[in-house]
Structures are given as structure tokens and as C-alpha cells.
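*Asks:* Let me give you the structure first, and then I'll get to my questions.
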Amino acid sequence: MSCWPKVRLEECTEIVSGATPSTSESTYWDGDICWATPKDLSELDGAYISDTPRKITRSGLQSCAATVLPPDSVLFSSRAPIGHVAINTVPMATNQGFKSFVPNRERVHAKFLYHWLRRNRPYLESLGNGATFKEVSKAVVARIEIPLPTLAEQRRIAEILDKADALRAKRRAALAQLDTLTQSIFLDMFGDPATNPKGWPMKQLGDVATEVYRYPTYYDIAYEDDGVPEIRGELLNADGSMVTDRARLRFISAQTSARFPKTVLATGDLVMSVRGTIGKIGLVPPELEGGQITANLIRIGLDQTLLDPLFVWNVTQTQVFRQQIINACSSTTILTIKAPDLKRLPVPVPPISLQHNFARRVTAVAAMKAVQCASVAEVGELLATLQHRAFRGEL
């Protein structure tokens with residue numbers, strides 16, 4: 001444990017609350033004073049905030065209790081949610097969702113405080129009170145104690161954590177580029193399905209599917225400790241994968257599954273959510289071969305002599321196909337798409353050899369993404385370890 005003295009935030013910073021000018025007074029808005037909200041901080045990629053979507057005028061500032069923070073202040077969201085942190089590089093006001101800190105430069109380094117707040121977010125969240133939403137009051141914030149080594153030591157610690165943070169940002173950026181690579185490969189090989197510039201034959205989904213069938217509603221299912229895995233909508237991931245972890249699966253008996261043969265899953269089938277949350281689509285992996293789906297899902301079995309499942313899944317992620325799904329929904333209280341309407345949706349059918357080539361390339365990208373995801377996780381663990389050691393005086 002560190003032997004650094006603990007100091008209250010009110011002793012080493014000026015604590016500044018924010019405010020919002022009247023939104024009905026147009027003269028208070030569209031000025032030249034940056035005005036931050038917690039949402040602005042949630043969208044940051046890094047420690048610094050240099051601009052805001054909304055700005056207020058001088059009269060707007062004077063009309064409320066907002067204060068312009070000098071550059072190198074530490075913005076801290078104290079409600080909705082608690083714990084977003086950033087350092088402003090330009091003068092900036094905030095709304096009432098902040099308790100921000102203007103550091104006493106002779107006592108605390110802004111970046112050291114930034115990293116301490118990030119590291120201790122769970123603790124800071126636990127300090128919130130309120131019935132409608134949790135908020136940390138200015139009085140509570142003022143009493144928070146932080147360990148305070150010398151300024152030189154603070155800067156050294158901040159530099160170490162900055163380097164780890166920068167490394168994680170680079171790994172995330174590389175992962176984001178891989179996320180867009182698959183789409184780029186698809187467009188290069190097949191063109192945009194909205195315009196079909198390469199003139200591929202277009203067929204209705206029902207004509208190239210072996211089955212498009214929704215699981216019937218049932219009320220008499222008994223779950224087992226083992227058996228046929230039952231797939232629910234929450235097991236469909238955004239990247240097309242499906243949860244296979246037995247701890248998250250439920251199981252029904254083979255006899256129960258046999259009552260619904262049209263929804264028994266095969267490898268390469270697509271499973272789509274068709275009620276409430278529309279259009280989540282998963283590709284059935286070999287581990288779930290023979291599984292069943294619940295109500296609110298549709299099984300789409302493909303004629304794999306005509307269509308490669310990976311190709312079709314990527315077609316379903318295009319903007320034009322997503323819009324066609326929405327257009328086909330019935331306008332009831334809860335959005336629903338029916339199997340006959342889904343069957344009528346058009347899909348391009350390029351040569352199967354080209355589709356297989358695409359699938360091989362996409363599989364290679366997925367392997368690179370898996371490596372990059374593991375790297376991001378490792379760097380995240382490294383940063384957490386460094387943070388833990390830093391504020392215990394062990395770096």
C-alpha cells in the first residue's frame with residue numbers, strides 16, 4: 001500500500017457544477033461557448049474533449065449557473081450516468097450533469113486525477129443517491145479522498161497509464177478497421193445490392209430456401225438438464241455468431257423437438273428474430289446442429305447448392321435488405337414479420353464459386369478479428385493491472 005497522503009478533492013481542486021440555459025430562449029443557443037453533456041463524453045475516443053455539438057452564447061451563460069471551465073480541467077459526469085471523465089482542451093461549460101474539477105496545479109496533475117477517477121468508477125457510482133436517477137452531490141464529491149504523491153510522481157504515473165491507454169486505443173482501432181473490411185470485400189466482389197451493378201440474378205428468398213418457418217407458440221414445454229438446445233433471440237449476436245455456451249442454453253427433450261420438425265436447425269441455417277426486435281440474424285454453427293428455436297424466431301434453411309450461408313448473412317446486413325425487412329413488417333403494436341412476407345424478399349444469386357471465395361476471405365478476416373479481440377482484452381487487463389498498482393504506489 002502507498003504511504004502517500006490522502007487529500008480531499010475540495011482541498012486540491014475547485015469543484016464546479018454545471019447548468020443549462022432555457023431551451024426556449026433562442027438567444028441563449030448557437031453561440032461560441034462549448035457546452036458539454038454526459039452523452040458527449042460517452043462518445044469520446046480518448047481522454048480529451050475539444051468541441052461539443054451544442055454551444056451557448058454569452059447571454060445564455062449569464063442566464064444560468066453554468067461556469068466556463070479553463071482548459072485542462074477534469075470533467076466528471078455526476079449523474080445519468082455517473083463516471084464519464086474527460087479533460088477539456090478549450091474553455092468549456094457543462095450542463096447540470098457534472099461536478100467538474102479545476103486542479104490546483106501546484107498539488108494535482110489533471111491527467112493523474114483523470115486516471116484515478118476512471119480507475120475508481122465503481123466506487124464513485126456507489127456514492128450516488130436519488131429515487132429517479134442516481135446522482136453524486138457536490139458535497140459528497142468534495143469529501144472524496146485521493147492519494148496524492150508529488151507532482152513529479154503524478155506525471156510519471158500518468159505517462160505510464162497514457163501509454164497503456166494509447167496501446168489499447170490502437171488495438172481497438174485495428175479491430176474497427178477489420179469490422180469494416182468484410183463489408184468492403186462484399187461490395188468489391190458483389191456490388192451494392194440496392195443497385196445490383198453487376199447484374200446478378202435476383203430471386204425471392206422463398207425460392208432459394210429449403211425452409212422459412214416460424215416456430216409455433218407453445219405453452220407446455222418442460223426443460224431438461226440436457227437434451228436438444230433451445231435457441232432464444234438473446235443468443236443471437238450482432239456479428240452473426242450464436243451463443244453456444246451450455247451455461248446459457250436451455251434444453252428440451254428430443255420428443256418435444258420432434259413435434260416441430262420444420263424448425264430443427266441444421267449447420268448453415270439462418271435464425272432471425274421476427275417479433276419485437278426485428279432482424280437479428282444468426283448463423284447456426286455445427287455445435288447447435290439439431291437444436292430448436294423458440295417462438296418469435298424464424299428458421300431459414302438455405303439451398304446451399306445455390307447460396308453460401310456466409311454470403312447470405314452478409315446480404316441480410318446491407319442497408320437495402322434491412323429496410324426491406326422493416327417494410328415487410330406488419331404495423332401492429334409490436335412489429336412482426338411473417339414467414340410469407342419474408343419469403344418474398346429478393347436476394348442476389350451470384351455464382352456459387354464466387355460466394356465460396358467470399359466466404360473463405362471472410363473467414364480469414366474473422367480469424368484476424370479473433371486474434372485482435374484477444375489482444376484488446378490482454379491490453380485491457382494490462383491497463384487494469386497498471387492502474388491498480390499505480391494508485392497503490394507500486395509502479
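Taken together, the values in this text are just the output of simple stated rules run on the coordinates, not laboratory data. Bear in mind the structure is a predicted one, so any value in this text is a computation, not a measurement. Every residue, glycine as well, gets a Cβ built from its backbone with ideal geometry; the counts of neighbours run over all protein chains shown.
*Asks:* Mind listing the long-range amide H neighbours of ALA93? Cut-off is under 5 Å, sequence gap 5 or more, other chains count too, H placed in the peptide plane at 1.01 Å from N.
*Replies:* CYS34, TRP35, ALA36, LEU69
*Asks:* Each label point is 7 Å from the Cα along the Cα-to-Cβ direction; what then is the distance between the points at LYS338 and MET189, in nm?
*Replies:* The answer from the label model is 3.6 nm.
*Asks:* Here's a follow-up. Can you give the extra length, in nm with one decimal, that the chain gains between GLU287 and ASP45 once fully stretched, where that is 0.36 nm per residue apart less the Cα-Cα distance?
*Replies:* Working: separation 242, 0.36 × 242 = 87.12 nm, distance 3.67 nm.
This chain segment gains 83.4 nm when fully extended.
*Asks:* Could you state, as a whole-number percent, how many of the C-alpha pairs of the range 246-293 are farther apart than 18 Å?
*Replies:* Working: 408 of 1128 pairs.
Counting every Cα pair in the range 246-293, those more than 18 Å apart make up 36 percent.
*Asks:* With each run of n ≥ 4 DSSP H residues scored as -39500 (n - 2.57), what mean residue ellipticity at 222 nm is computed for the chain after dividing by its residue count and rounding to the nearest 500 deg cm²/dmol? Show your work: numbers first, answer last.
*Replies:* Numbers: 12 runs with 143 residues, N = 395.
The per-residue figure over the chain is -11000 deg cm²/dmol.
*Asks:* Take THR363, project a point 7 Å from its Cα along the Cβ direction, then tell me which residues of the range 299-314 have their backbone nitrogen under 19 Å from it.
*Replies:* In the range 299-314, the label zone of THR363 (backbone N under 19 Å from the point 7 Å along Cα→Cβ) covers 302-314.
*Asks:* R0 = 45 Å: FRET efficiency of SER24 with GLU159, Cβ-based, nearest 0.05? Please list the in-between numbers first.
*Replies:* Details: r = 47 Å, r/R0 = 1.04.
Efficiency for this residue pair is about 0.45.
*Asks:* Work out, step by step, the length gained on full extension between GLU125 and ALA370: first 0.36 nm times the residue separation, then minus their alpha carbon distance; give nm to one decimal. Numbers along the way, then the final one.
*Replies:* Details: separation 245, 0.36 × 245 = 88.20 nm, distance 3.22 nm.
Taking GLU125 through ALA370 to full extension adds about 85.0 nm, to one decimal.
*Asks:* Whole-Hz Karplus ³J(HN,Hα) for the range 100-112, in order, using 6.51 cos²θ - 1.76 cosθ + 1.60 and θ = phi - 60°, x for Gly and Pro?
*Replies:* 9, 10, 9, x, 6, 5, 8, 10, 9, 8, 4, 5, 5
*Asks:* Sticking to Cα atoms, compute the Rg of the chain to one decimal and its Dmax as the biggest Cα-Cα distance, whole number, in Å.
*Replies:* Values for the chain (Cα only, Rg and Dmax): 27.1, 75 Å.
*Asks:* A follow-up question, please. Taking the chain as a Gaussian network, Cα atoms linked when under 10 Å apart, which of PRO197, PRO81, PRO149 shows the biggest mean-square fluctuation?
*Replies:* Residue with maximal mean-square fluctuation among PRO197, PRO81, PRO149: PRO197.
*Asks:* Principal axes first, then extents: for the Cα atoms of the range 250-336, list largest minus smallest coordinate on each axis, whole Å, largest first.
*Replies:* 38, 35, 18
*Asks:* Which chymotrypsin sites (Phe, Trp or Tyr not before Pro) in the range 99-199 pass both tests, a DSSP loop state and at most 14 other beta-carbon atoms within 10 Å? Walk me through the numbers before you get to the answer.
*Replies:* On the way: sites: PHE101, PHE112, TYR114, TRP116, TYR123, PHE133, PHE186, PHE190; in loops: PHE133.
Counting only loop positions with at most 14 other Cβ atoms within 10 Å, the chymotrypsin sites (Phe, Trp or Tyr not before Pro) in the range 99-199 are PHE133.
*Asks:* Can you pull out the GluC sites (Glu not before Pro) in the range 27-128 whose DSSP state is coil and whose Cβ has at most 11 other Cβ atoms within 10 Å?
*Replies:* Working: sites: GLU43, GLU106, GLU125; in loops: GLU43, GLU106.
Of the GluC sites (Glu not before Pro), the ones in loops of the range 27-128 whose Cβ has at most 11 other Cβ atoms within 10 Å are GLU43, GLU106.
*Asks:* Let me ask something else about it. Could you name the lysines whose alpha carbon sits less than 17 Å from that of LYS39, not counting residues in the same chain fewer than 8 places away?
*Replies:* Excluding near neighbours in sequence, the set is LYS55, LYS99, LYS134.
*Asks:* Search the structure for amide H atoms under 5 Å from the amide H of LYS280, placed 1.01 Å from N in the peptide plane, and list their residues when 5 or more places away or on another chain.
*Replies:* The answer is SER273.
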